[in-house]
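What follows is calculated from the coordinates using simple rules that are stated; it is not laboratory data. It should be emphasised that the depicted structure is a prediction, and the values quoted were computed from it without experimental measurement. Methodologically, a virtual Cβ is constructed for each residue, glycine included, from the backbone with ideal geometry; neighbour enumeration extends over all protein chains shown.
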There are 2 protein chains.
Amino acid sequence: MKNNLYYPFVSLSDEDIFTEIKKEREDIGYYSLPYVDTSVIKSRLDNLDFKQKQIAIIGIGGSTLGTYAIYNFLKYNKQRNKTLKKELFFFESTDPINLNGTIAQLNLEDTLFIVISKSGTTIETISIFKYLSSIVKMNSQNLLVITEDDSKLNSFAAANGISTFEIPKNVGGRFSVLSNVGLVPLYLAGFDIDELLKGARKISTSFFEQNELYNQLLKKARTYYEYKDVYNINAIFSYSQLLEGFNKWYIQLWGESLGKIDANNTNQGLTPIGLLGPVDQHSFLQLIVEGKRDKTVTFIKIKDFKDDTKIAPITLEGLEDLDYINGLNFKELINLQADATIASVKEYKKDIPIDLIEIEEISEFEIGKLLFYYELLTSIVGKFLRINTYDQPGVEGGKIILKEMLKKKN
Amino acid sequence: MKNNLYYPFVSLSDEDIFTEIKKEREDIGYYSLPYVDTSVIKSRLDNLDFKQKQIAIIGIGGSTLGTYAIYNFLKYNKQRNKTLKKELFFFESTDPINLNGTIAQLNLEDTLFIVISKSGTTIETISIFKYLSSIVKMNSQNLLVITEDDSKLNSFAAANGISTFEIPKNVGGRFSVLSNVGLVPLYLAGFDIDELLKGARKISTSFFEQNELYNQLLKKARTYYEYKDVYNINAIFSYSQLLEGFNKWYIQLWGESLGKIDANNTNQGLTPIGLLGPVDQHSFLQLIVEGKRDKTVTFIKIKDFKDDTKIAPITLEGLEDLDYINGLNFKELINLQADATIASVKEYKKDIPIDLIEIEEISEFEIGKLLFYYELLTSIVGKFLRINTYDQPGVEGGKIILKEMLKKKN
């Protein structure tokens, strides 16, 4: 007996996927970012010796989301330890009220501006940069540019003696957090970029040397793929406000990477949702627990917040019934809230696929791990889906129409 | 011939739905909030005459999301016109780092604290309140309570001579923005609460008197219902950072109201997503355009930002190609970005159901309309789904487990 398969696709084994990922590792730049020697960046930035107390990043999407995720996670700790060197602000939107609101928070004379655009011609970024240029004098003393080597923004920088840091061509915006895009502002702000990369390397090694993460990542990605038409939504439920930026970064990474027309001309796509605990226990949780079974949920907990703020052991007349929370650390309370929510789903709603990620502490090393873990997971799911994980052709249509509208207008 | 239908459900006509909504209007409190006489609230607050420059709201979920939505929408305008009387801050999370970060932004001696909890025993709210009570002396001069009349929090207030404002029993948290929950802090901050209610009344009248909105709301709700198993995700794409709070409010309203077990014992639920333009053109848009056809998208535009910030008409060496944006108002640019995105979907992706809401300007009247429009829409979709739109039994399981964990611990 003979059976020839003329399928456009055949099912891929874990080994097939691993082989393809290893192959793509040679071309796709983000895989090698954790191995970059940071001494060049650091010495260049040390020599530039910017004195400003504030950094305004002008960028959008992949140019800011990763930096914001890390900054949002670590900022309060750095402030507490007084090791935050510069505060970061982000100019992303063309909303004029928001633009002026952000400007109002800055002392423009004491601000270092960093313009970040991979293509160098991002319309939001250049529009805002032009406006800011008209209200504050920009020169090599208060301006840095991060872009591709042959972009128009790079030509501008060269013509005006502005220092530039390169974004490699083969590193996509949403995978660029560990390139100069993130490293330059984060180093200037006082973060330990070597620990960040060390965390990412730890994940990379564990997967590529087929250690612990190898099976887990493949199993997780395969589950997302196999059940994509049942569970078309992948929620992350992060139990800390410090992960708000991470949630937003995840939404771009997951949505923009996996929402694609596949090799079989079918619209594929898993929808990311970012939730924060315990706040969203009072919002989205009801939908998870009793709503349609169309979501997977990944809970994220920080094991040790290293903070001893306690609920005061006081009795309030009328509220004596709540004295059972007296004396509890907030760090314990928030994690017990996570545990209780997880337990209620795990034990009583067995048709909701959940998993738990525990972060040891609030550090560069730990957030580096988390970011790279999600980048790898995205790549693997993309392979299962037979899509190009790294392009974004769907947003070009709107850009072309906008350009026509603007040219007609002016 | 005879055909007896023994269906658990029969299809509901628009008239059936309207009849049921009119009937529920007698019991469900939010419908009558736009008609409340605000003179009592205003004169009580005027007499209390709080002098503090800052307000800290301690609450979570429905106790804060609506107020934040309105505040976020109008704050910058009020700041610009110097009519913002008090700045608002929100204590929602039990995350200790975030808690201390919010405290650091406040001058505690110049802060009015408003504790909001419908049940009066919300664990996050009482925990944070206890902690704040231990670091700043609370009394009738710097504390207000908003809660149900017979709650334990109300007993606390009565025992300590603290002024209270009532949350009616038949107004659910996520539908409470136009009750004292929103009106008290917003009036104190300097917002025109009468205009807010006037906007809501306008929507209410148009629907209940079967004018323009009657057909539109029913058609929209019916479409969501009929296609719920194809388009199980309803995204809102708001073209202004000022609508960030509105998006979050919408997510609670939609998710917590519609994620329910229906009368036929089936898990129902439409999943809300909140997006911001143009930022999310660089994130989620790719997934909308090329991803799985499982989303409806509602674009929201602000017709007139009343702001004349312009892109400076300067030529940057190397970036001359982008001079076509020179001299453009940012308010025009952001709306052209919305138009271009809408056009690209509408013309080339006809299998994505989209609709457009235009807000005239940034005012109390307009946001009042928008909020009430979404409350009504939620109620109507809930009727089609045969669910109880106003309860949230799914979150009780976790609360019970948490209480057990905490009691075991202490």
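A few comments on the model shown:
- Taking every DSSP beta bridge that has both ends in the protein assembly as shown, the antiparallel portion is near 10%.
- Whole-Hz ³J(HN,Hα) from phi, Karplus 6.51 cos²θ - 1.76 cosθ + 1.60, for region A:53-63, glycine and proline x: 8, 10, 10, 10, 8, 9, x, 8, x, x, 7
- Most positive-pole-ward Cα, B:159, B:89, B:284, against dipole of chain B from beta carbon charges: B:159
- Chain A, helix-only ellipticity at 222 nm - DSSP H runs n ≥ 4, -39,500 (n - 2.57), divided by all residues, nearest 500: -14000 deg cm²/dmol
- Highest GNM mean-square fluctuation among B:181, B:297, B:230, for chain B modelled with Cα contacts below 10 Å: B:230.
- Charge dipole of region B:194-257 (Cα centre as origin; +1 on each Lys and Arg Cβ, -1 on each Asp and Glu Cβ, all else neutral): 100 debye, rounded to the nearest 20.
- Amide H to amide H, with H built 1.01 Å from N, residue A:90 comes under 5 Å of A:57, counting only residues 5 or more places away or on other chains.
- Inter-copy label distances at residue B:7, shortest first and taken from points set 7 Å along Cα to Cβ: 3.9 nm.
- Bridge type composition, chain B - antiparallel percent by DSSP, nearest 5: 10 percent
- Cα-based Rg and Dmax for region B:18-164, where Dmax is the largest Cα-Cα distance (Å): 16.7, 53
- Centre separation in Å (Cα based) which lies between region B:161-229 and region A:370-410: 37 Å
- If the chain linking residue A:229 and residue A:351 were pulled fully straight, counting 0.36 nm for each residue of separation and taking away their Cα-Cα distance, it would gain 42.4 nm.
- Maximal additional length on extending the residue A:388-residue A:2 stretch stands at 135.6 nm, based on 0.36 nm per residue less the C-alpha distance.
- The largest-to-smallest principal axis extents of the Cα set in region B:207-385 are 67, 37, 25 Å.
- Around the amide H of residue B:143, modelled in the peptide plane, lie the amide H atoms of B:113, all under 5 Å away and 5 or more residues distant in sequence or on another chain.
- Set of region A:318-345 residues, backbone N closer than 16 Å to the point 7 Å along the Cα-Cβ line of residue B:403: A:319-326, A:337, A:340-341, A:344
- Equivalent ellipsoid semi-axes - Cα gyration tensor, chain B, angstrom: 35, 32, 21
- Summary for residue A:351: label point 7 Å along Cα→Cβ; distances to the equivalent points in the other copies, ascending, 2.7 nm.
- Paramagnetic reach from residue A:107 in region A:51-76 [backbone N under 18 Å; point 7 Å along Cα→Cβ]: A:51-57
- Rounded to whole numbers, the Karplus 3J(HN,Hα) couplings from phi for region B:292-305 are 3, 7, 10, 10, 9, 10, 9, 7, 10, 10, 9, 5, 10, 6 Hz, using 6.51 cos²θ - 1.76 cosθ + 1.60 with θ = phi - 60°, and x at Gly and Pro.
- Pseudo-label separations to other copies for residue B:150 - Cα-to-Cβ vector, 7 Å, nm: 7.7
- Across the options B:182, B:170, B:305, the greatest Cα extent toward the positive end of the charge dipole of chain B (unit charges at beta carbon of Lys, Arg, Asp, Glu) belongs to B:170.
- Cβ-placed point charges (K, R +1; D, E -1), dipole of region B:207-385 about Cα centre in debye, nearest 20: 880 debye
- Once the Cβ-Cβ distance of residue A:303 and residue A:216 is raised to the sixth power relative to R0 = 22 Å, the FRET efficiency obtained is 0.75.
- FRET efficiency for the residue B:16 to residue A:23 pair, using the beta carbon distance and R₀ = 51 Å, is estimated at 0.30.
- Excluding exposed DSSP-loop GluC sites (Glu not before Pro) (at most 14 other C-beta within 10 Å), longest clean stretch of chain A: A:27-208
- Simple point charges give the picture: +1 on the Cβ of Lys and Arg, -1 on the Cβ of Asp and Glu, and for region A:285-407 a dipole about the Cα centre of about 980 debye.
- Quarter of the Cα convex hull surface for the protein assembly as shown, i.e. its orientation-mean projected area (nm²): 38.6 nm²
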